[in-house]
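Asker: Here it is, the structure, as structure tokens.
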Amino acid sequence: MFDPAYYQRKLDSLPKVAVAADHYRVIHSASAFRTRLLELIHTASRRIFITALYLESDSAGEQVLRALFEARQARPELDIRVFVDFHRARRGRMGEAAPQTPRSLYQQLLQEYALPVSVYGVPVKAKEIFGVLHLKGFVFDDTLVYSGASISNAYLHQGDHYRADRYHEIKSGALSDSFVSFAVHYFNHQAVRSLVEESGSGWELRGRIRQLRRRLQAADYSFEAVVGAGIQLMPVCGLGPRGNKLNRLVRDLVNAAERHLFICTPYFNLPRSLARDIRQFMRRGGHVTLVTGDKTASDFYSPPEQPFSRASCLPYLYESYLRDFAQRHQKQISAGQLELRLWKDPGNSYHVKGIYADGVRGLVTGSNLNPRAWRMDFENGLLFVDPDRLLESEFEQEQQQVLARTRRVEDYSQLQKVDDYPPRVQSFLRRIRRLRAHVLLSRLI
């Protein structure tokens, strides 16, 4: 007989860092996140370590990068290091022609300031399509800010539009040390290149990248457990389909739940094993709230009147996966056991990820709950256990803020089917199915 208590004991026995409730806070908007990042850059005295998919070459990216350079000029002893994906740093946003790349912005600023800021490109695979650095985490002295966000106009709400995410700030020397030591240790490799170097393509570095990937597959955060009252936290990472600690943790969280799961993911394409765990949870009588983005809330979405690109088909493909999922679980939807919600705030996009289980356990992560994240990208997250529900109101407010911009799917037929899509999208989706390429494609997105 299935026993959730086994998984609860397994999660509760993991080594963790105890943090007082008043040293943990949730930031509730992208603009507040931007303000806080700039404040922390301005006040840091010892170290700033930033890990993200990318630091975009737009006004928000330049503002943050200039703030880092200016902090280094004002306090030369500051150890500032930025780690971004090697491939993403060499191009603009998918489907758009950028006037400059993140790498060229960095090289431009390097010429303007006397003291440099170290920015590195970390390659996970020789080609971006097969895997990227998707780790997140911002360390300022002994403060860790964890978010799924990268640095760009949308993520920081610089301008009229924003991309919704989660933003958690934790004051903890032990956690901050673990993120810093992780970067210092695992990214000290010949495949990791400063963005000022003419390092060639990922294909030219493929031998070294293979070595780095093997190293990252065995990577883990190093820290001394801190016992005490408060919320208990553990950083975790994973790369690849085998022995992936982060994937295993997600499944353990679902299996440990008894009453309610609150799950957020922007690109709906659940790995089979996770979909099975969720289905079994509902069979045990559990209630699931699953929040994903309306197709128009995807960062890949472009209105039908705009020029067609293959990337703009992705939101429709994700919606087709969601429709199939809803159709298979219509009984649970009708019974109120499965609550599917679509996030939509016109002109803005959705990037919220993570899990709450029974109000006492959860995961803050930048990892998408999809096959690509589970098989190809290098991901991380923070497990939290809050047995005394000290931060219940903070987490509840975060959930309600997400739900406020959602609508409930009462029947799978409310979701569009392929016949309803723009002609170019219909043609593309039917062609990949005719060529049976959809099986491979589902593993890449």
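The values are calculated or read from the model by the stated rules, or taken from the named source; none is laboratory data. Just so we're clear, the structure is a prediction, and the values are computed from it rather than from any experiment. Heads up, the Cβs are rebuilt from the backbone with ideal geometry, glycines too, and the neighbour counts pull from every protein chain shown. For accessibility, only protein heavy atoms count, side chains too; no ligands or nucleic acids. Shrake-Rupley method; radii C 1.70, N 1.55, O 1.52, S 1.80 Å.
Asker: Mind telling me which of PHE428, PHE83, PHE130 comes out most flexible in a GNM of the chain, alpha-carbon contacts under 10 Å?
Answerer: For the chain, modelled as a Gaussian network with Cα springs under 10 Å, the answer is PHE428.
Asker: Next question, about the same structure. Where the centre of each part is set by its Cα atoms, how far does region 101-154 sit from region 218-235, in angstrom?
Answerer: Answer, in whole Å: 25.
Asker: At what distance in angstrom do the alpha carbon centres of region 14-73 and region 248-314 lie from each other?
Answerer: Spelled out, the Cα-based centre of one part sits 28 Å from the other.
Asker: Answer with one residue from VAL132, MET376, HIS28: the one whose Cα lies farthest towards the positive end of the charge dipole of the chain, charges on Cβ with Lys, Arg +1 and Asp, Glu -1.
Answerer: MET376
Asker: Sort out for me the Cα centre separation of region 375-394 from region 166-211, rounded to whole Å.
Answerer: Each part reduced to its Cα centre gives a spacing of 23 Å.
Asker: A further question on this structure: Starting from the Cα of ARG25, step 7 Å along the direction of its Cβ; do the same at ARG66; then give the gap between the two resulting points in nm.
Answerer: With each label point 7 Å from Cα toward Cβ, the separation is 2.7 nm.
Asker: Separate question: To the nearest 500 deg cm²/dmol, what mean residue ellipticity at 222 nm is calculated for the chain from DSSP H runs of n ≥ 4 alone, each contributing -39,500 (n - 2.57), summed and divided by the residues? All intermediate terms of the calculation are to be shown ahead of the outcome.
Answerer: Numbers: 14 runs with 154 residues, N = 445.
After summing the helix terms and dividing by the residues of the chain, the value is -10500 deg cm²/dmol.
Asker: Still on this structure: Candidates [x] 21.3, 66; [y] 30.1, 112; [z] 31.4, 105; which is the computed Rg and Dmax of the Cα atoms in Å?
Answerer: [x]
Asker: Related question: Using DSSP H assignments, which helices in the chain have an axial alpha-carbon span of 18 Å or above and a mean Kyte-Doolittle hydropathy of -0.5 or higher? Write out the running numbers ahead of the final one.
Answerer: Numbers: long enough: 30-43 (20 Å, 0.31); 59-74 (22 Å, -0.15); 173-186 (19 Å, 0.76); 314-328 (21 Å, -0.65).
Both cut-offs are met by 30-43, 59-74, 173-186.
Asker: Something else about it: Distance check, please: which entries in LYS10/LYS136; LYS295/LYS331; LYS10/LYS295; LYS127/LYS353 exceed 31 angstrom between their Cα atoms?
Answerer: Flagged as over cut-off: LYS10/LYS295.
Asker: Still on this model: Per residue, how much accessible surface does the chain expose to a 1.4 Å probe? Answer in Å², no decimals.
Answerer: Numbers: 18670 Å² over 445 residues.
For the chain, the solvent-accessible area averages 42 Å² per residue.
Asker: What nm value, rounded to one decimal, do you get for the distance between LYS127 and GLN306 when each label is placed 7 Å out toward the C-beta?
Answerer: According to this spin-label approximation, the distance is 2.6 nm.
Asker: For the chain, what is the charge dipole size about the Cα centre, in debye to the nearest 20, if Lys and Arg each add +1 at the Cβ and Asp and Glu each add -1 at the Cβ?
Answerer: Details: 63 positive and 48 negative charges, 453 e Å.
I would put it at about 2180 debye.
Asker: Using a 10 angstrom cutoff on alpha carbons, build the Gaussian network for the chain and name the most mobile of SER57, SER118, SER201.
Answerer: SER201
Asker: Considering only protein heavy atoms and a 1.4 Å probe, what is the carbon-and-sulfur percentage of the accessible area of the chain?
Answerer: On the way: 9170 of 18670 Å².
Accessible surface attributable to carbon and sulfur in the chain totals 49 percent.
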